[in-house]
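Every number here is computed from the coordinates shown, using simple stated rules; none is lab data. Computed from a predicted model, the values in this text were never measured in an experiment. Please note: Cβ atoms are built from the backbone with ideal geometry, for glycine as well, and neighbour counts cover all protein chains shown.
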Amino acid sequence: MDLNDHIERVLWTEEQLAERISELASQITQDFKNSSLSSSSSSFPVIVGVATGAFLFLADLVRKIKLPVTIDFIRAESYGSGTKSNCSPRISCDLKLDVQGKHVILVEDIVDTGNTLFCLIGHLKSKGASSISVCTLLDKPSRRKVNFELVGDGKFYCGFECPDYFVVGYGFDYAELYRNLPFVGVLKTELYK
Ligand code: 5GP
Ligand code: MG
Ligand code: MG
C-alpha cells in the first residue's frame, strides 16, 4: 500500500499550505519590523517551535520571514500516540535559548483544546519573555476548552481554521507516522486502531 493510499482526503495541498505560509510570514515580517516590538536590534524575535508537530511548518515559515530571528524548540507531551487530548501537558524538553526580555513567537501545528498553549505560554512568561505571540498552522476553535492569553503586544497568527477531523501530514502524526506527507489530510478510518 502506497503512503498516499492511507489518506481518505486531502484538506490542504502542498501549494495551498505554501501560499498561506508565505502570507503569514509577510505579516510577521511587517509586524515585527514596523511595530515598537522591534525598535532595537536586541529585540528581534525568538521563534520557538513546538516539537515535533511544528517542524515542517517552522522550516517553511522562517525561510519566508525577512528579519533576523533566532530559533529554538520546546517539547510538550500532551497526546501520546492516540487521538485524544491529555488535559495537563508537561514540558519534556525545555529551551536552550534565554528568552528573558525577548519577543517570542510560539510556532504550533494546531490549537485544539488550548491546554498545550496555556501551559507553554505560562512557562515562557515565567522565563521573562517580554511578549509572546502564537503562530499556528491550524486552529480548531470548536474544541477549545482552555483560553490562553497572549503576553505583552503578542499577536495571534493562524493559517487555517480546521474542521473537527483528526488530521495527519505536514508534521501531524498518527502514532508518530505520516508526518512526512507534504499535505494535510484525513486518514482512512480503517487505519485507526
Ligand atoms: P491541545 O493541547 O490544544 O488540545 O492540543 C494540541 C496538540 O494536540 C497539538 O499540538 C497536536 O500535537 C495535537 N493535536 C490536536 N489535534 C490534532 C489533530 O487533528 N491531528 C494530530 N495529528 N494532532 C492533533
Ligand atoms: Mg503541537
Ligand atoms: Mg501527536
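Scalar couplings 3J(HN,Hα) for region 143-159, obtained by applying the Karplus form with A = 6.51, B = -1.76, C = 1.60 to θ = phi - 60°, are 9, 5, 10, 10, 9, 9, 10, 5, 10, x, 8, x, 10, 10, 10, 9, x Hz; x denotes Gly and Pro. Over 22 Å apart at the Cα level, from the set Lys102/Lys140; Lys127/Lys155; Lys64/Lys96; Lys33/Lys96; Lys64/Lys188, are Lys102/Lys140; Lys64/Lys96; Lys33/Lys96; Lys64/Lys188. Among Leu97, Leu56, Leu150, the largest mean-square fluctuation in a Gaussian network model of the chain (Cα springs under 10 Å) belongs to Leu97.
For Leu177 and Lys127, the difference between the fully extended length at 0.36 nm per residue and the C-alpha to C-alpha distance is 14.7 nm. Looking at the chain, the DSSP beta bridges with both ends there are about 35 percent antiparallel. Residue separation of Lys188 and Leu3 scaled by 0.36 nm, minus their Cα-Cα distance, works out to 65.5 nm of gained length. Whole-Hz Karplus values for region 5-13 come out as 6, 7, 9, 6, 7, 8, 8, 9, 6 Hz, taken residue by residue from phi with 6.51 cos²θ - 1.76 cosθ + 1.60 and θ = phi - 60°; glycine and proline positions read x. Between Asp153, Asp112, Asp139, the Gaussian network model of the chain with springs among Cα atoms under 10 angstrom shows the greatest mean-square fluctuation at Asp153. Charged side chains reduced to their Cβ positions (Lys and Arg at +1, Asp and Glu at -1) give the chain a dipole of some 580 debye around its Cα centre. In terms of other Cβ atoms within 10 Å, Ser130, Ser142 run from fewest to most in the order Ser142, Ser130.
In terms of overall dimensions, the C-alpha atoms belonging to the chain reach 53, 35, 29 Å along their principal axes, ordered largest to smallest.
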